[in-house]
Amino acid sequence: MNQKQKSKTTKQPPQKTEIRLSGSGGQGLILAGIILAEAAAIYDGVNAIQTQSYGPEARGGASKSEVIISTNEILYPKTTRLDYLLALNQESCDKYARDLKEKGLLIVDSGAVEHVPPVHSIRLPLVKTAREKVGRVMTTNIVSLGALVGISHIVSPKSLEKAVLSRVPKGTEQLNLKALKLGFEMAEEIRERFED
């Protein structure tokens, strides 16, 4: 069997990625999870499932959105060992960092999370970027998605952009595209820093 034939018959191992987006109610993390799952399932054509939970207070209480993306069938809808954790406040960082896999990555908002546990982590000015560069703090979720996808490549940037445009409120498309672009640029800067 030559190399060409062999590559056709060799199966790729199934890829499964578990992501948790966490912070305070009102930060748009449920929507961010839905957008990420749709980018994977509808536009990238792989399996994805999204679940969510929030505290009793709609705004200000704890909030989390979980997404599992897999090339195989997803048999259990909840995350168990996280590949990626986004934490937009100290409480969610403290509560969920222990759920990361050994080589999992913690992404925190540098303005809200002061104490980062001893895990592989990246600190990014997510809220500050949304507030100062986009002009709307409500776009923190989209800035965060751009950074997460730019760092992880869990979905394609084009698919994420399509999912964002299909889900954000009418009239905010350009604002959210700007937020997404800033998130991608933040990820690019991080990659360049690691390559230097």
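No lab work stands behind these numbers, since they all come straight from the coordinates. Keep in mind it's a predicted model, so treat the numbers as computed, not measured. Methodologically, a virtual Cβ is constructed for each residue, glycine included, from the backbone with ideal geometry; neighbour enumeration extends over all protein chains shown.
A few notes on this one:
- Between helix 29-38 and the chain: long-axis angle, C-alpha atoms, 0 to 90°, nearest 10: 20 degrees
- Here r is the Cβ-Cβ distance between Leu177 and Asp94 and R0 is 35 Å; the resulting FRET efficiency, rounded to 0.05, is 0.60.
- Gain in span if fully extended, Glu189 to His153, counting 0.36 nm per residue against the direct Cα distance: 11.5 nm
- Length added when fully stretched, His120-Leu165, from 0.36 nm per residue minus Cα-Cα: 13.0 nm
- For segment 14-195: rounded, prolate or oblate by the Cα gyration tensor [a/c cutoff 1.5]: rounded
- Placing unit charges on each Cβ (+1 for Lys and Arg, -1 for Asp and Glu) gives segment 14-195 a dipole about its Cα centre, and among Leu85, Ser65, Val46 the Cα reaching farthest toward its positive end belongs to Ser65.
- Here the contact order of segment 14-195, divided by its residue count and restricted to Cα pairs under 8 Å and six or more residues apart, works out to 21 percent.
- Converting phi to 3J(HN,Hα) with the Karplus coefficients 6.51, -1.76 and 1.60 and the offset θ = phi - 60°, segment 157-163 yields x, 5, 5, 5, 4, 4, 5 Hz in sequence order, with x at every glycine or proline.
- In terms of other Cβ atoms within 10 Å, Glu102, Glu91, Glu132, Glu189 run from fewest to most in the order Glu102, Glu132, Glu189, Glu91.
- Backbone HN-Hα couplings from phi across segment 39-51 [Karplus 6.51/-1.76/1.60, Hz, Gly and Pro as x]: 4, 6, 7, 7, 9, 9, x, 10, 7, 8, 9, 10, 10
- Selection among Pro117, Gly146, Gly23 by position relative to the dipole of the chain gives Gly146 as farthest towards the positive end (Cβ unit charges, Cα centre).
- Size-normalised alpha-carbon gyration radius of segment 126-196, reference 2.2 N^0.38 Å: 1.06
- In summary, the aspartates and glutamates within cross-link reach of Lys78, defined as a Cα separation below 13 angstrom excluding same-chain residues under 8 places away, comprise Glu18, Glu66, Asp99.
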